[in-house]
Every structure is written in structure tokens, then in C-alpha cells.
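For reference, the structure is listed below as C-alpha cells.
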Amino acid sequence: MFSRQLTDRIRLSLSVQAHAEELFALTERNRDFLRQWLPWLDMTTGVDDTRAFLERQLYGFANGDSLTATIFYDGKAAGVAGFNTIDRTNRIGSIGYWLGEEFNGKGIMTRVVEDLISIGREHYSLQKIEIRCAPENARSRAIPRRLGFQYEGTLRRAERIYDGWHDSEVYSLLL
Ligand SMILES: CC(C)(COP(=O)(O)OP(=O)(O)OC[C@H]1O[C@@H](n2cnc3c(N)ncnc32)[C@H](O)[C@@H]1OP(=O)(O)O)[C@@H](O)C(=O)NCCC(=O)NCCS
């Protein structure tokens with residue numbers, strides 16, 4: 001299991017079953033906040049759903065198709081980030097992330113994404129990293145912009161979030 005200490009306060013660890021209780025509790029506390037932007041909240045109603053998610057992620061990690069990591073801030077689970085997909089043929093990784101609301105505004109995710117860029121370069125030999133965000137998601141789109149990603153364009157009606165369709169802005173970084 002990998003674990004990387006990014007700062008005195010931020011640690012990034014491969015997501016494993018042992019994180020399930022804490023991640024589900026974080027999800028439960030932040031259900032309304034996360035539901036604005038993420039499509040899986042209504043399918044995550046008990047800790048067993050989080051366990052099943054983590055199990056699927058570990059298969060993805062073992063196969064080299066994805067990487068999911070838990071973010072700890074001062075030792076407490078603060079969110080999740082990683083490569084939702086790793087396209088090994090084209091060597092492109094697509095980053096996704098979320099934080100509990102109480103952990104927003106501290107620069108945690110920007111630091112974590114910087115580390116994912118290093119992991120993508122060093123461990124997966126990626127040549128390109130993508131981040132996709134809804135245009136209305138100001139906090140999310142600020143992260144690739146802050147890190148020098150280039151805006152590539154907007155995919156129309158690319159994602160369904162409950163009863164509404166959202167466009168996706170695509171940002172990318174060439175490595
Ligand atoms: C998207 C999300 C992760 C962004 O969180 P965030 O806290 O804004 O992002 P960061 O952790 O990078 O922090 C940046 C903020 O910390 C501040 N900050 C403080 N210290 C900082 C530092 N050392 N470096 C960078 N920013 C710092 C920045 O000014 C910024 O705050 P501001 O927006 O008020 O100006 C979070 O809002 C979230 O999880 N949302 C719900 C799920 C979601 O939308 N996921 C993405 C779907 S595409």
C-alpha cells in the first residue's frame with residue numbers, strides 16, 4: 001500500500017477497505033454539498049456501498065486502469081482523488097477529486113493534484129493528464145487553471161447529474 005506525506009498536514013494513501021467507515025462518514029456529512037457536482041451520492045446509502053466502491057477501485061489499481069487515493073488532513077479522511085481512468089494505449093490519465101466541505105479553501109486539492117501529476121509522470125509514464133469540470137463548478141475549474149493546465153474546449157451535455165445535464169470543460173497538461 002502506498003502512502004505519501006505531501007506536507008506536514010496532508011497525506012495521500014492508496015484507498016483500501018480500511019478507509020471505508022471513515023470515507024462513508026465523510027460522505028454522509030457532506031451529502032448535500034457533494035450532490036451538487038457528483039453523480040454517485042444517491043447510490044451510496046450505506047458503508048457497504050463504499051466498501052464495494054473501494055473493492056472495484058483496487059481491481060482498477062491492480063490492472064493499471066485507475067488509481068484511487070484517500071486524502072488525510074491532520075490524520076482525518078478529508079476526501080478522495082486519483083486517476084478515474086488511465087488510458088494505457090494513449091498514456092492519458094483523467095483526474096477526479098472531491099473534498100469534504102470543511103476541508104475546502106486550504107489548498108489541499110491543488111497540492112494533491114500536483115502530486116498526482118508526479119505519479120502520472122513517474123509511475124505511469126503518462127504523456128497527458130486531463131481534468132474535466134462543469135463550467136459552473138468554479139472551485140473545481142480553478143484547480144487545473146491554477147496548475148497551468150490548458151483549456152481544450154467544452155463537451156456539451158457530457159454528464160448527467162441526477163435530473164440535469166451538465167457540459168464538461170476539458171483541461172489538459174502535456175507532460
Ligand atoms: C472541487 C474541490 C475539490 C475544490 O476544493 P478547494 O478547497 O477549492 O481546492 P483546493 O484544496 O485546491 O484549495 C483552493 C482554495 O484554498 C486556498 N488556498 C489556501 N492555501 C492555498 C495554497 N497553499 N495553495 C493553493 N490554494 C490555497 C485558495 O485560495 C482557494 O480558495 P478560494 O477558492 O477561496 O480562493 C471541492 O470544492 C469539492 O470537493 N467540491 C465538490 C466535489 C467536486 O466538485 N468535485 C469535482 C468534480 S469535477
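Each label point was placed 7 Å from the Cα along the Cα-to-Cβ direction; for Ala52 and Asp8 their separation is 4.3 nm.
Once you have a ≥ b ≥ c as the square roots of the Cα gyration tensor eigenvalues for the chain, tell me rounded if a/c is under 1.5, and otherwise prolate or oblate according to whether a/b is larger than b/c. Rounded is the answer for the chain, as its axis ratio a/c remains below 1.5. When the accessible area of the chain is split by element with a 1.4 Å probe, what percent falls to carbon and sulfur? Its accessible area is 46 percent carbon and sulfur atoms. Distances between placed amide hydrogens fall under 5 Å for Leu6 paired with Arg11, Leu12, all partners being 5 or more residues away or on another chain.
For the set Arg157, Arg88, solvent exposure ranked by accessible area (probe 1.4 Å, protein chains only) runs largest to smallest as Arg157, Arg88. For a test of the definition: using alpha carbon positions, the gyration tensor, and the 1.5 limit on a/c, classify segment 25-98 as rounded, prolate or oblate. Prolate, since a/c reaches 1.5 and a/b exceeds b/c.
A simple rule links phi to the HN-Hα coupling: the Karplus curve 6.51 cos²θ - 1.76 cosθ + 1.60 with θ = phi - 60°, which for segment 17-26 gives 4, 4, 8, 4, 4, 5, 5, 5, 4, 5 Hz, with x for Gly and Pro. Entry comment: accessible area of the chain is 53 Å² per residue, from protein heavy atoms only and a probe of 1.4 Å. For Arg139 and Asp167, the difference between the fully extended length at 0.36 nm per residue and the C-alpha to C-alpha distance is 8.5 nm. Rounded to the nearest 20, the size of the Cβ-charge dipole of segment 3-129 about its Cα centre is 420 debye, with Lys and Arg at +1 and Asp and Glu at -1.
Full extension of the chain between Glu22 and Glu152 gives 43.2 nm of extra length, using 0.36 nm per residue less the Cα-Cα distance. Normalised by the number of residues in the chain, what is the relative contact order in percent for Cα pairs under 8 Å and 6+ residues apart? The value is 18 percent. Rolling a 1.4 Å probe over the protein chains gives Lys106 an accessible area of about 100 Å².
Ligands, DNA and RNA aside, Ile92 has an accessible area near 40 Å² when probed at 1.4 Å.
The values are calculated or read from the model by the stated rules, or taken from the named source; none is laboratory data. These numbers were taken from a predicted model, which means no experiment stands behind them. Counting neighbours? That spans all protein chains shown, and the Cβs are built from the backbone with ideal geometry, glycine included. Surface accessibility is based on the protein's heavy atoms, side chains included, excluding ligands, DNA and RNA. Shrake-Rupley method; radii C 1.70, N 1.55, O 1.52, S 1.80 Å.
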